[in-house]
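Have a look at the structure below, then the notes.
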Amino acid sequence: MPIVKMLNKKTGITYVYESESFWDKEKQQPRNRRKLIGKIDPVTGQIVPTGKSGRKASDDEHDLLGQVVEKKTEDSPVQPNLISVLDERNEEISTLKKKVRELESRCEHYEILIGRIRGILDNE
């Protein structure tokens, strides 16, 4: 059966459904049935299964990266490498922001040059 992704514009959450096409004899039209599989985790891009609404958390919890971790106890911290992963991501974001600023500056410079060239061509 095909898998359908639908974005909820209000919440920004993308839900994943299993779709089944069938013929409706009464209306003489094709119809679809959809069964909710889960939603897409925005951080990892993986499908996170959803259960009944209001379902209580299980013994395993998911961290920000979608990995299953044990519940935090006072003796053991949850995912000590998570901080290093987040630091790497923040560093990458800073680098990308710097590159975007540089490219925007170049674009402004080229737009000025194009305007000057158009002015010269219009005067001829």
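The values are calculated or read from the model by the stated rules, or taken from the named source; none is laboratory data. Keep in mind it's a predicted model, so treat the numbers as computed, not measured. Neighbour counts run over all protein chains shown; Cβ positions are idealised from the backbone, glycine included. In case anyone asks, the SASA skips ligands and DNA or RNA and just uses the protein heavy atoms, side chains included. Shrake-Rupley method; radii C 1.70, N 1.55, O 1.52, S 1.80 Å.
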task: Please specify each residue of the range 1-23 satisfying the condition of being β-branched (Val, Ile, Thr) and within 12 Å of Asp41 (Cα to Cα).
output: Ile13, Thr14, Val16
message: If I ask for residues that are farther than 23 Å from Pro49 by Cβ and open to solvent by less than 70 Å² (accessible area, probe 1.4 Å), which ones from the range 1-35 would you list?
response: Phe22, Asp24
- line: Taking the range 45-55 and the residues there that are assigned to a strand (DSSP E or B) and open to solvent by 80 Å² or more (accessible area, probe 1.4 Å), the one that is farthest from Ile93 (Cα to Cα) would be Pro49
task: Could you tell me whether any residue of the range 71-89 is in a helix (DSSP H, G or I), at pLDDT 90 or above and β-branched (Val, Ile, Thr)?
output: no
Cross-chain or 6+ apart pairs with Cβ under 7 Å, the range 25-44 first and under 30 Å from Ile93 (Cβ atoms), then surrounded by fewer than 11 Cβ atoms within 10 Å (Cβ to Cβ) and not basic (Lys, Arg): Gly38/Pro49
